[in-house]
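Any read-out appearing in this document is the output of simple, stated calculations on the displayed coordinates, not a laboratory observation. Keep in mind that what you see is a predicted model, and the values were worked out from it rather than measured. Here the Cβ positions follow ideal geometry from the backbone for every residue, glycine too, while neighbour counts run over all protein chains shown.
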Amino acid sequence: MKRVLLILKYSPKLTTGIIIILSLVLLAILEPTINYYRLGGRSSTEIGLFDTFLPPSREHPFGTEAYGRDVFSLLLTGLKYSLLIGFTAGALATAIAVVLASIAGYKGGRIEAFITTIANAILIIPSWPILAIIVLFVRKVDLFLLSLILAFFSWAGSSRQIKAQIASLRERPYIDLARVTGFSDLEIMFKEILPNFLPYIFVGFSYAVTGTIMAETALRLVGLGPADIPSLGQFINWAIYSGTLAQGHYIIVISPIAFLILTFVSLNLINVGLDEVFNPRLKQVTGV
Amino acid sequence: MKKSIFSYLINRILLYALIFLISLSAFFFFINLVPGDPVTRYIQMMEQRYGLSTPASEIVIQKYKEVFGLNKGLFERYTSYLSRLILHLDFGPSFVAFPKPAIELILESLPWSIGLLGTSVIIAWVLGVMLGTIIGWKRESKISSIVFTTGLVISQIPTYLLAIVLVMIFTFWLNLFPMGGAYSAMLQRSFSLRFILSLIKHAFLPSMSLVFVYVFGTMISQRALVINVLGEDYIKLAEAKGLKSSRLVNRYILRNTLLPQTTGLALSLGFIVNGFFLIEWIFNYPGIGRLFMMAIREMDYNVLMGITITTMFCVLTANLIIEFLYPLIDPRIRRG
């Protein structure tokens with residue numbers, strides 16, 4: 001515990017990032033309760049609950065939108081779904097990345113070449129149009145399936161980083177020692193190597209979360225994907241198509257964008273912070 | 001020495017051809033294995049959209065399937081698609097603009113995309129490398145750390161969200177820039193000054209939404225690279241020798257960061273293109289991204305396949321060109 005506090009004190013970027021993302025997650029978790037009290041048990045997506053385009057006031061801190069819904073409640077619901085999809089897909093992508101990177105980095109040889117080629121192909125090729133066509137053609141996309149599809153396109157980046165880390169760990173003497181002692185490959189992977197790059201796994205995870213939320217928002221923005229999952233991207237889509245901008249109600253468009261950017265920025269601050277804390281090379285040069 | 005460069009180039013070309021073929025095949029099989037064929041799906045969509053109650057007769061569907069070659073087996077379809085694509089550069093006819101071939105639609109919009117995207121990426125990259133080198137070199141100054149922290153925040157904004165914000169501010173609020181399109185509808189295409197000014201004015205906001213984000217993205221990675229190089233012993237030696245700092249930055253630091261930075265550009269190109277589809281859609285720019293969005297709305301299957309394959313091909317070619325530059329940047333590759 002003391003060590004954690006020391007790390008937090010050492011890197012203000014890490015601390016800021018963690019505080020922002022935790023507040024966002026807390027808001028998302030409290031969404032059902034908050035919206036229950038604000039809307040008296042009715043759904044935040046129900047059309048015509050209030051007058052349209054009410055200005056911000058005490059009852060409606062961000063006003064209401066073109067379909068007479070409370071913007072603040074919609075924001076919370078959107079945040080909940082965006083984070084849910086992001087974290088589900090991010091976790092799936094990280095799991096794929098860890099497994100494949102462990103196999104590639106530890107085994108080496110042909111298997112490594114194969115996995116690396118696939119990962120590079122996914123990284124190099126513009127995958128969003130493919131993603132869009134898949135979501136267009138697969139009927140009945142639910143939250144889990146959507147996350148799975150998103151995860152398939154976002155494991156490559158983190159697997160690269162993790163693989164590089166494993167490849168360097170593989171050469172350490174204590175791994176040889178474990179091998180001589182008679183540990184199996186799996187045991188070495190999960191008992192000796194994995195604990196050493198947990199921070200890197202987290203970095204990979206947060207990249208994957210950012211990537212999947214970005215891709216999901218982009219899909220929903222153009223009107224693709226499950227209409228019954230009102231994520232922040234869907235909210236922006238509603239706002240744009242209902243002529244909100246032309247009528248000058250900028251806050252309705254700005255607020256979901258701000259929530260998304262806060263999410264991305266906080267995750268990135270955590271990444272940079274972790275790098276500051278755990279990358280000895282950086283420490284040496286910057287002299288802190 | 002000549003020979004090793006040659007084998008390097010051949011090696012790269014083959015690798016990219018392989019990646020292209022694998023992605024193309026995976027994509028083809030996936031699309032074709034999803035239940036339902038595009039013709040039936042298209043007709044269902046038309047029925048829903050226009051409230052037609054009589055289902056299109058089987059004969060019509062069969063006829064269309066024949067035209068699109070959908071009544072054959074999966075493998076046969078794959079080989080005929082590939083041979084048609086490679087030998088005749090043919091993606092098949094567009095559904096909506098039938099019988100206009102999909103490739104024609106794509107070729108009409110491709111130059112717009114490549115022009116706008118290419119210019120923006122080059123501007124962003126060059127500016128980013130310059131800024132990153134400066135703030136990495138002067139990393140202790142207060143201004144550098146302010147620029148760095150600002151960059152950390154801005155580089156995380158997705159380009160398409162910034163595009164929406166820019167449209168909001170400059171088009172709707174300040175009314176400074178036009179809403180969309182590539183040039184004013186009142187002008188004829190010509191080489192006149194007015195037309196060129198109109199082109200620039202329309203390209204400015206879409207280009208800015210990309211440049212603004214990627215300048216900072218490149219700046220941050222360049223700063224990290226510079227700081228890593230600064231830790232090397234040869235920099236200390238060069239400093240101890242009393243080399244001028246301009247020479248130190250140009251010959252010792254910049255040169256050593258250029259290779260990984262170029263690799264970074266090659267790797268992020270696909271990601272940049274992803275965002276660009278949405279930027280074109282937001283600004284109604286007549287490029288390939290907008291064509292894609294229109295094809296999605298109309299479920300124009302051949303155009304969708306065609307655009308995806310064309311962008312894959314363009315990005316891989318751009319990557320290949322970048323890799324061909326490596327031997328120029330790094331003498332180690334030249335010597336094999």
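Points worth noting:
- Here the spin labels are modelled as points 7 Å beyond Cα on the Cα-Cβ line, and at B:Leu87 and B:Ile10 they lie 2.7 nm apart.
- Close amide H pairs (under 5 Å, H built 1.01 Å from N) link A:Ser242 with no residue at least 5 positions away or on another chain.
- Cα gyration tensor, the range B:153-231 - rounded (a/c under 1.5), prolate or oblate: oblate
- Tilt relative to chain A, helix A:109-124 - C-alpha long axis, 0 to 90 degrees, to 10: 20 degrees
- When each of A:His60, B:His202, B:His88 is scored by the number of other beta-carbon atoms lying within 10 Å, the sequence from fewest to most is B:His88, A:His60, B:His202.
- Cross-link pairs exceeding 25 Å between alpha carbons, from the set B:Lys138/B:Lys201; B:Lys72/B:Lys100; A:Lys13/B:Lys236; B:Lys142/B:Lys201; A:Lys13/B:Lys244; A:Lys107/A:Lys191: B:Lys138/B:Lys201; A:Lys13/B:Lys236; B:Lys142/B:Lys201; A:Lys13/B:Lys244.
- Going from the fewest other Cβ atoms within 10 Å to the most, the residues B:Lys72, A:Lys140, A:Lys13 appear in the order A:Lys140, B:Lys72, A:Lys13.
- Residue-wise HN-Hα couplings along the range B:190-203, as the Karplus relation 6.51 cos²θ - 1.76 cosθ + 1.60 with θ = phi - 60° gives them from phi, are 7, 9, 6, 4, 4, 5, 5, 4, 5, 4, 5, 4, 6, 7 Hz; Gly and Pro carry x.
- Amide H to amide H, with H built 1.01 Å from N, A:Thr64 comes under 5 Å of A:Phe53, A:Leu54, A:Val71, counting only residues 5 or more places away or on other chains.
- Cα-based shape type of the range A:177-288, given that a ≥ b ≥ c are square roots of the gyration tensor eigenvalues and the cut on a/c is 1.5: oblate
- Near A:Ser23: Cβ cut-off under 15 Å, other residues only, Lys/Arg at +1 and Asp/Glu at -1. The net charge is 0.
- Neighbour-count order for B:Leu210, A:Leu6, fewest beta carbons within 10 angstrom listed first: A:Leu6, B:Leu210
- A:Asp228 sits among other residues whose Cβ lies under 11 Å from its own Cβ, and their net charge, with Lys and Arg +1 and Asp and Glu -1, is 0.
- Cα gyration tensor category, rounded, prolate or oblate, for the protein assembly as shown with a/c compared to 1.5: rounded
- On Cα atoms only, tilt of B:74-88 relative to the major axis of chain B in degrees: 60 degrees
- Between A:Gln247, A:Gln165, A:Gln234, the Gaussian network model of chain A with springs among Cα atoms under 10 angstrom shows the greatest mean-square fluctuation at A:Gln247.
- Helix A:198-221 and the long axis of chain A differ in direction by around 30°, with both axes built from C-alpha atoms.
- Whole-Å distance, taken between Cα centres, linking the range A:229-270 and the range B:122-172: 21 Å
- Max mean-square fluctuation residue, GNM over chain B, Cα-Cα springs under 10 Å, options B:Asp90, B:Asp233, B:Asp300: B:Asp233
- Low-density loop cleavage sites - trypsin sites (Lys or Arg not before Pro) in the range B:227-336, where at most 12 other Cβ are within 10 Å (DSSP): B:Lys244, B:Arg335
- Largest mean-square fluctuation among B:Gly180, B:Gly92, B:Gly264, in a Gaussian network model of chain B whose springs join Cα atoms under 10 Å apart, belongs to B:Gly264.
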